[in-house]
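Chemist: Take this structure first; my questions come after.
The values are calculated or read from the model by the stated rules, or taken from the named source; none is laboratory data. No experiment lies behind these values; they were computed from the predicted model shown. Here the Cβ positions follow ideal geometry from the backbone for every residue, glycine too, while neighbour counts run over all protein chains shown. With ligands, DNA and RNA removed, areas are computed over all heavy atoms of the protein, side chains included. Shrake-Rupley method; radii C 1.70, N 1.55, O 1.52, S 1.80 Å.
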Amino acid sequence: SNDTTLVDFSKTDITGDKELVGAKLTVLDNKNNIIDTWISTEKTHKIEGLIIGKEYTLKEEIAPKGYVVATSIKFTIEDTNEIQKVNMIDKIVEMSKVNIAGEEIEGTTIQVLDKDNKVIDEWVSGKEPHKIKNLVEGEIYTLHEEIVADSYVKATDIEFTVGNTSEIQKVNMIDKQVAVTKVDENNKALTGA
C-alpha cells in the first residue's frame, strides 16, 4: 500500500480545551506558495498529501476577536502513516485601567497604537479588563489614555511588547488623583475660594 500523509491542524486558546472559531489560517510551502487557506471551526482541519521531508509554514492571517495573531509555525512532514498534528495556540492580552488601590476605573477612553502611531484598538474602560484586539506576537505597542475619567490625572503612555508565551498577558495603566484643599493659617478648611 502507498499511504498519503495526513496532517491535522488545531487552533486553540491557551487552555487547549476546544477549537477557536474564526481564525483565518494558511499553509505555505518553502517557496511561499499557498497550499491551503481556511477559517477555523469547532473541528480540526486536515490536509492530505503533503510531501514527506518538506518544510511547510502554518500562518495565522486573522485572529478571532479578542485574541493575538500567533507567530507562524514551521513544520516538516514525517514519513509515517499516522496522523501528524500541528497545534497553533492563540493568547489574550488583557488591559486594566485602575486607580492606585487596584480598582477598575470606568469612563476612560483608551487607545492602543502600533509602531506607526496608528490606532488599532480603542474603548471606554468599564468594570472588567478589556481584551485588546488586532495585536501580533513580538510587536511593540503603546497604551495611550485619550480621555481621562473625572477627578483623575491623565496617565503617561505605556509601551509594551506582546510576548510569545502561552499565558494571558496583562497590562495595567494606573491613574492617580490629586486632592486640593484651601485652608487658613490654622489649617482650617476655607470655603468659597
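Chemist: Only residues that are surrounded by 14 or more Cβ atoms within 10 Å (Cβ to Cβ) and more than 17 Å from residue 70 (Cα to Cα): list them for segment 20-34, please.
Modeler: 29
Chemist: Pull up segment 73-86, narrow it to residues that are assigned to a loop (DSSP other than H, G, I, E, B) and of a type in the set (A, V, I, L, M), then point me to the one that is nearest to residue 7 (Cα to Cα).
Modeler: Per the stated criteria, the residue is 83.
Chemist: Please work out if residue 100 is modelled with pLDDT of 90 or more and β-branched (Val, Ile, Thr).
Modeler: no
Chemist: Let me ask something additional. It is to be established whether one or more residues within segment 62-69 are over 24 Å from residue 135 (Cβ atoms) and either crowded, with 18+ Cβ neighbours inside 10 Å or touching a strand residue (DSSP E or B) at 6+ places or on another chain (Cβ under 8 Å) (or both).
Modeler: no
Chemist: Count, please, the residues in segment 87-131 that happen to be closer than 27 Å to residue 15 by Cα, open to solvent by less than 70 Å² (accessible area, probe 1.4 Å) and not in a strand (DSSP E or B).
Modeler: Of the residues in segment 87-131, 6 are closer than 27 Å to residue 15 by Cα, open to solvent by less than 70 Å² (accessible area, probe 1.4 Å) and not in a strand (DSSP E or B).
Chemist: Still on this structure: Quick check, is residue 161 open to solvent by less than 100 Å² (accessible area, probe 1.4 Å) and at pLDDT 90 or above?
Modeler: yes
Chemist: Check 178, 162, 148 and return the single one that is touching a residue at least 12 places away in the same chain (Cβ under 8 Å) and under 11 Å from the mean Cα position of the chain (by Cα).
Modeler: 162
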